[in-house]
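The values are calculated or read from the model by the stated rules, or taken from the named source; none is laboratory data. As the structure is a computational prediction, the values presented were derived from the model and not from experiment. Cβ atoms come from the backbone with ideal geometry, glycine included; neighbour counts cover every protein chain shown.
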Amino acid sequence: MRSKLVAELLVDLDVAKSHSRPYVSDDNPFSEAQFKTLKYRPDFPERFASIEEARAHCQRFFQWYNEQHRHSGIGFMTPTAVHHGQAEQLFEQRADTLNTAYAAHPSRFKGHCPQPPRLPIAAWINPPKQENTPTKTPDPCSLN
């Protein structure tokens with residue numbers, strides 16, 4: 001007796017085969033973004049000559065990615081700055097610089113006080129559902 005392949009059984013049962021389910025993610029979009037950045041960097045070689053060369057390349061890349069590359073998802077901070085608790089201080093320095101520039105030349109900013117990108121409070125792959133609660137709009141030129 002020969003059993004059916006799983007794919008054939010799914011067809012017989014009218015079940016659509018899928019490798020992912022909504023809100024149940026086995027992959028990691030953060031890792032996927034990191035791999036895309038790795039692969040599309042100008043210094044990524046077409047081939048590595050050896051495993052040692054690949055490891056050396058990755059060590060350089062991850063050092064750059066964590067300590068120099070500014071990530072849009074974390075307010076254009078480096079992961080190192082966020083991890084070591086320096087992000088809030090950098091945010092305030094950026095806000096002070098933008099406030100000074102606005103005070104000196106408000107016409108350059110079309111009458112709106114610029115703000116640095118906000119830091120995220122949490123990162124989620126599948127965020128929990130939120131209740132609709134009205135929020136107070138902060139003054140664009142104050143840090144509080």
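Numbers for the structure displayed
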{"read-out": "In the stretch 114-130, the residues that are within 17 Å of HIS83 (Cα to Cα) and exposed (fewer than 12 other Cβ atoms within 10 Å of the Cβ)", "value": "ARG118, ILE121, ALA122, ALA123, TRP124"}
{"read-out": "Count of residues meeting criterion [modelled with pLDDT under 80, in a loop (DSSP other than H, G, I, E, B) and farther than 23 Å from HIS71 by Cα] in the stretch 6-25", "value": "7"}
{"read-out": "Selection count where residues are of a type outside the set (Val, Ile, Thr) and either part of a helix (DSSP H, G or I) or farther than 19 Å from TRP124 by Cα (or both), scope the stretch 71-84", "value": "6"}
{"read-out": "Top-ranked residue in the stretch 98-113 [being assigned to a loop (DSSP other than H, G, I, E, B) and in contact (Cβ under 8 Å) with a residue 12 or more places away in the chain; ranked as surrounded by the fewest Cβ atoms within 10 Å (Cβ to Cβ)]", "value": "HIS112"}
